[in-house]
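We did not get these values from a lab; they are worked out from the coordinates using the rules stated. Everything quoted here is computed from the prediction, not taken from an experiment. For neighbour counting, all protein chains shown are included, and Cβ atoms are generated from backbone atoms with ideal geometry for every residue, glycine included.
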Amino acid sequence: MKTIRIKSPATSANVGPGYDIFALTLKAPWDEIVVSIAEKPGITISVSGNNSPIPCNPSDNTAGLAVLELLKRKNLSIGVDIHICKKMPSGGGLGTTGASAAGAIFGLNKLLDLKLSNNEMIDIARMGEVASGGSPHADNVAASLLGGFVLVKSYNPIDALKLEIAEFPVVLAVIRKSQRTTRGFITYEIGQEKLKDQMARCARVIHAIYSKDIREFGEAINVDHIAEPVRSAAIPGYAEVKKAVLNKGAHGFTVSGGGSSVIAVCDKCDTEEIARIMRAGFADNPNFVDVIISSTSNTGVSVME
């Protein structure tokens, strides 16, 4: 086999209080990543299906940077062609960059029969995230690779745990970032009381997953003292839309990933009305793309027939 086609799902990371350690896999949307072994050494990247500028220089592309890391670690001198077929909006906190990196590493692991462990693939793939956000965070690539709800237990060494999650609806308002990243503005200086609340909410998230309690899950992710204050400030109308969505019956509402997209957790009967509220609330934002109704998923990257 010299070519493999990978389905790589969207993810929502930094889930509620779990900055850089929690991520959720989504059933839709997804990207297709085609990885091929080439005759000549070097990495070539092409992109289709997206009107956003995605760099094709391997050093500036998350998939390319991850593959460069893999070739370096395994001392491989081979040619690799990567085609990224975009089926989901980029640049909006849906983990699209992580999906590209995860799909490329998963595909090469299969093609070359490298027998990498999940944590090895995550550790390599996360290096690609430097190209998009300047930091090798692992939450998005871990969720895209593993599926389900991911807890990054350790960064040194990388150790990610997949938790099977009940399938429940989510509604996403896709909004592209107005700036490349807000990571540099985030502070951990939140004070003792907020720190205790943050830790308690992390525990509630895990408990809700094990008890399959969508209401508790939503309430637990509803408050974040670390990333949400910074990232929501860059989303016009965020507070008003959040209040309206929660009043309609959503269990939780927060920023998706690095923003500027937002995600709501709700019952199936409320999805259409919550989507309507989001669409109306963000309609005047020039970076607003669309509203997507999806669900959680336990399926990560997979080989397409």
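Once amide H atoms are placed 1.01 Å from N in the peptide plane, what residues at a sequence separation of 5 or more from residue 28, or on another chain, have their amide H within under 5 Å of its amide H?
295
Using alpha carbon centroids, what distance separates segment 237-271 and segment 156-201, in Å?
15 Å
So what's the back-of-envelope 222 nm ellipticity for the chain, counting only DSSP H runs of four-plus at -39500 (n - 2.57) apiece and dividing by all residues, rounded to 500?
Using -39500 (n - 2.57) per qualifying helix, the result is -10000 deg cm²/dmol.
Could you sort the peptides 76-86, 253-263, 98-108, 57-67 by per-residue average Cβ neighbour count (10 Å cutoff), highest mean leading?
Packing order, densest peptide first, comes out as 98-108, 253-263, 57-67, 76-86.
Please report the relative contact order for the chain, taking Cα pairs under 8 Å with a sequence separation of at least 6, and give it as a percent rounded to a whole number.
Reported relative contact order: 25 percent.
Residue 80's amide H: which non-local residues (gap 5+, or another chain) put their own amide H closer than 5 Å, with H modeled 1.01 Å from N in plane and none for Pro or chain starts?
HN-HN under 5 Å from residue 80: 38, 42, 43, 44.
Starting at the first residue of segment 6-12, write each ³J(HN,Hα) from the Karplus equation 6.51 cos²θ - 1.76 cosθ + 1.60 with θ = phi - 60°, in whole Hz, x for Gly and Pro.
Residue by residue, segment 6-12 yields 10, 9, 10, x, 5, 9, 10 Hz.
Rounded to whole Hz and in sequence order, give me ³J(HN,Hα) for segment 295-301 from the Karplus expression 6.51 cos²θ - 1.76 cosθ + 1.60, θ = phi - 60°, writing x for Gly and Pro.
Calculated HN-Hα couplings, in order: 7, 6, 8, 9, 9, x, 4 Hz.
Which order do the peptides 230-238, 279-287 come out in when sorted by mean C-beta neighbours inside 10 angstrom, highest first?
Put in order of decreasing packing, that is 230-238, 279-287.
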